[in-house]
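Peer 1: Mind looking over this structure? Questions follow.
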Amino acid sequence: MAQNSDMLKRLFHGSPPVSGLERFRAGIGALIGILITGLVARLAFGSFNELPYLLPPMGASAVLLFGVPASPLAQPWSIIGGNMVSALIGVTAAQWIDDPAIAAAIAIAFAIPAMLSLRCLHPPSGAVALTAVLGGPVIHAAGYHFLLWPLGANTLLIVLAALVFNNLTGRSYPHSVMPATTSPGHGTRDVPPMSRIGFTSADIEAALMEYGQLLDVDRADLEAVMRSAELRAFRRRSGELRCADIMSRDVLAVSPGETLREALHMLREHHIKVLPVTDEDARVIGILTQTDLLTKTSWGNGGPSVRFGQRLGNAARMKPAPQDVVSDVMTTPVRTATPNMPVADLLPLMADGGLHHLPVVNDQGRLVGIITQSDVIAALFEEKLEQEAKTPAA
């Protein structure tokens with residue numbers, strides 16, 4: 001009985017649920033895409049040609065292009081390459097094989113491996129191959145011209161419609177990989193810190209090869225999702241430790257009009273490496289680091305001053321001359337955290353993002369604390385000790 005129940009679940013297992021807004025967006029996109037493709041093709045060529053101005057496989061393509069535009073099967077090269085190579089094989093099969101059933105089978109049998117080899121797999125292109133074989137005398141008479149009209153025109157029109165509609169509605173198309181925090185790089189062969197623990201890209205490649213089946217998801221997207229899942233799992237294990245729990249609250253800040261010499265004195269006197277820059281309302285408007293003072297200034301007997309090149313550039317752009325104050329060299333805009341932000345969210349920023357200090361601001365953008373890499377390391381170490389203390393000895 002349980003075996004039958006499992007079989008039924010597998011048979012009726014559907015796609016993941018989507019929001020009502022996404023269903024509406026996909027439907028409107030398909031409406032616009034097919035309408036534009038059909039109307040433009042009919043106006044341009046329909047009245048001068050016996051061939052159909054809109055092919056049925058475009059409906060299946062619309063499902064992918066507007067319903068799942070992130071799918072590798074829905075990308076421009078997939079539909080353009082898949083349609084062209086499948087049509088080429090279908091027309092060839094129809095011309096060389098008299099029996100339509102055998103020609104259709106041969107066309108599909110060769111189209112799928114060809115699309116896989118060219119990395120342009122597009123399921124509706126299988127229907128294109130069948131259309132070339134079973135489309136009737138008019139399509140047969142067109143021969144290889146079928147690739148240009150109506151297939152080529154339909155394909156280009158619906159891809160252009162998907163390109164415009166998806167991007168206007170917030171869906172990247174052609175699909176770009178999920179944004180990930182990138183390492184600033186140090187000119188070495190080391191991989192980013194977050195990739196040195198847990199799984200690696202090579203692990204994913206090996207697992208997919210072992211799985212042995214094509215998955216309808218970009219490999220880089222899959223890696224990004226898996227790393228996000230790792231962070232969520234860590235956040236759950238860490239007990240939702242928040243920035244407010246570990247941040248330093250007595251923070252030394254500097255005003256944008258403070259001199260570089262005084263800012264350097266503050267850094268040395270308090271043995272710190274960074275100064276948040278705040279306005280008169282304590283809102284964070286920038287950050288001054290040791291690196292800013294080393295790379296953006298010249299050093300003389302009077303201390304750091306803005307370099308001659310910047311002064312010359314300001315003069316050329318009719319901008320005020322630098323005054324050797326903090327605002328001349330501070331880094332802006334500055335990345336900040338909030339008191340309620342989980343500490344786990346800081347890991348990719350500090351590991352791969354190259355950030356060593358994060359000002360913590362409240363809802364009004366006012367400075368309430370600062371977190372350093374040392375704070376995060378100490379918190380994670382303490383959390384690890386607490387977990388080990390709670391775990392019974394084996």
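The values are calculated or read from the model by the stated rules, or taken from the named source; none is laboratory data. Just so you know, these numbers come straight off a predicted model, no measurement behind them. Backbone-built Cβ (ideal geometry, glycine too); neighbour counts: all protein chains shown.
Peer 1: Quick one: Ile79 ticks every box in (1) in contact with a Ser or Thr (Cβ under 9 Å, 6 or more places away or on another chain); (2) modelled with pLDDT under 95 except a single one, so which number is it?
Peer 2: (2)
Peer 1: How about the range 161-174: which of its residues are touching a residue at least 60 places away in the same chain (Cβ under 8 Å) and of a type in the set (A, V, I, L, M, F, W, C)?
Peer 2: Ala161, Ala162, Leu163, Phe165
Peer 1: Tell me yes or no: at least one residue of the range 139-159 is among the small types (Gly, Ala, Ser), surrounded by 15 or more Cβ atoms within 10 Å (Cβ to Cβ) and within 36 Å of the chain's Cα centre (by Cα).
Peer 2: Yes, the conditions are met somewhere in the range 139-159.
Peer 1: Filter the range 60-86 for residues that are of a type in the set (Ser, Thr, Tyr) and assigned to a helix (DSSP H, G or I); which is surrounded by the fewest Cβ atoms within 10 Å (Cβ to Cβ)?
Peer 2: Filtering the range 60-86 for residues that are of a type in the set (Ser, Thr, Tyr) and assigned to a helix (DSSP H, G or I), the one surrounded by the fewest Cβ atoms within 10 Å (Cβ to Cβ) comes out as Ser78.
Peer 1: For the range 354-392, how many residues meet the condition of being assigned to a helix (DSSP H, G or I) and either of a type in the set (Phe, Trp, Tyr) or modelled with pLDDT of 85 or more (or both)?
Peer 2: Number satisfying all stated conditions: 1.
Peer 1: Does Asp281 fit the bill of being at pLDDT 75 or above and exposed (fewer than 12 other Cβ atoms within 10 Å of the Cβ)?
Peer 2: yes
Peer 1: Identify, from the list Ser61, Ser47, Ser15, the residue that is at pLDDT below 85 and closer than 25 Å to Cys120 by Cβ.
Peer 2: Ser15
Peer 1: Looking at (1) within 30 Å of Thr259 (Cβ to Cβ); (2) surrounded by 20 or more Cβ atoms within 10 Å (Cβ to Cβ), which is the only condition Val325 fails?
Peer 2: Condition not satisfied by Val325: (2).
Peer 1: Which of (1) part of a helix (DSSP H, G or I); (2) under 17 Å from Gly136 (Cα atoms) does Asp98 not meet, given it meets every other one?
Peer 2: Condition (1) is where Asp98 drops out.
Peer 1: Go through the range 319-337 and give me each residue that's of a type in the set (Gly, Ala, Ser) and modelled with pLDDT of 85 or more.
Peer 2: Result: Ala337, single match.
Peer 1: Would you check which residues across the range 259-296 are touching a strand residue (DSSP E or B) at 6+ places or on another chain (Cβ under 6 Å), more than 16 Å from Gln323 (Cβ to Cβ) and not in a loop (DSSP other than H, G, I, E, B) and list them?
Peer 2: Residues satisfying the conditions are Val274, Leu275, Pro276, Thr278, Arg283, Val284, Ile285, Ile287, Thr289.
To keep it simple, each residue is scored yes or no on (1) on the phi < 0 side of the Ramachandran plot; (2) of a type in the set (A, V, I, L, M).
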site: Leu116; (1), (2): yes, yes
site: Leu121; (1), (2): yes, yes
site: Val128; (1), (2): yes, yes
site: Thr131; (1), (2): yes, no
site: Gly136; (1), (2): no, no
site: Leu157; (1), (2): yes, yes
site: Arg171; (1), (2): yes, no
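Peer 1: So how many residues does the range 257-278 have that are exposed (fewer than 14 other Cβ atoms within 10 Å of the Cβ) and within 32 Å of the chain's Cα centre (by Cα)?
Peer 2: Here the count works out to 0.
Peer 1: For the range 87-129, how many residues are surrounded by fewer than 18 Cβ atoms within 10 Å (Cβ to Cβ), farther than 20 Å from Ala162 by Cβ and either in contact (Cβ under 8 Å) with a residue 40 or more places away in the chain or touching a strand residue (DSSP E or B) at 6+ places or on another chain (Cβ under 8 Å) (or both)?
Peer 2: Selection size over the range 87-129: 2.
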